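Beneath this line is the structure, given in structure tokens, with notes to follow.
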Amino acid sequence: SSIAQDIIQQVYEYSKGFNRILISLDSNHTHEHVLEELKAYAPLTSVGSYCVVFDTIIEDMPEDMFPNRPWGPGDNPKTAVWEYLKSHTEFEIDKNIQNKLLVTVAPDGYLKRVRE
């Protein structure tokens, strides 16, 4: 699992020495899992770079779109992003990217690190 301590430690070890880091989160899409991923990996994001959380669009889809999955509206990557940002002002949602793309699976998921 991406939130297992040994995996997190491996990622931190591997990332040492890099000057610029972009984080991409796209695994289990439940609110709790994505929130734990954000807590674990978002701090690695370089100032001026991004932590991209994919499949935030789940929040905007019909409830019956994911019948055999543990995620859906109210429990998904976007709700995790919104919660994470309440206590992490070093990140801001960069709406410019999603506006340029016009079609994206990650609305509100392009988190730009604007400060330490």
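No lab work stands behind these numbers, since they all come straight from the coordinates. Computed from a predicted model, the values in this text were never measured in an experiment. Neighbour counts are summed over all protein chains in view; Cβ atoms, including those assigned to glycine, are modelled from backbone coordinates with ideal geometry.
Quick notes
- Full-stretch length increase - Asn68, Glu92 - with 0.36 nm per residue and alpha-carbon distance subtracted: 5.4 nm
- Thr104-Asn19 FRET efficiency (beta carbon distance; Förster radius 30 Å; 0.05 resolution): 0.65
- Helical mean residue ellipticity (222 nm; -39500 (n - 2.57) per DSSP H run of 4+; nearest 500) of the chain: -10000 deg cm²/dmol
- Pairs of lysine residues in the chain that meet both criteria, 8 or more places apart or on different chains and Cα atoms under 27 Å apart, total 15.
- Segment 7-116: trypsin sites (Lys or Arg not before Pro) falling in loop per DSSP and having at most 11 other Cβ within 10 Å: Lys16, Arg20, Arg115
- Using C-alpha pairs below 8 Å separated by at least 6 residues, the relative contact order for segment 7-116 is 30 percent.
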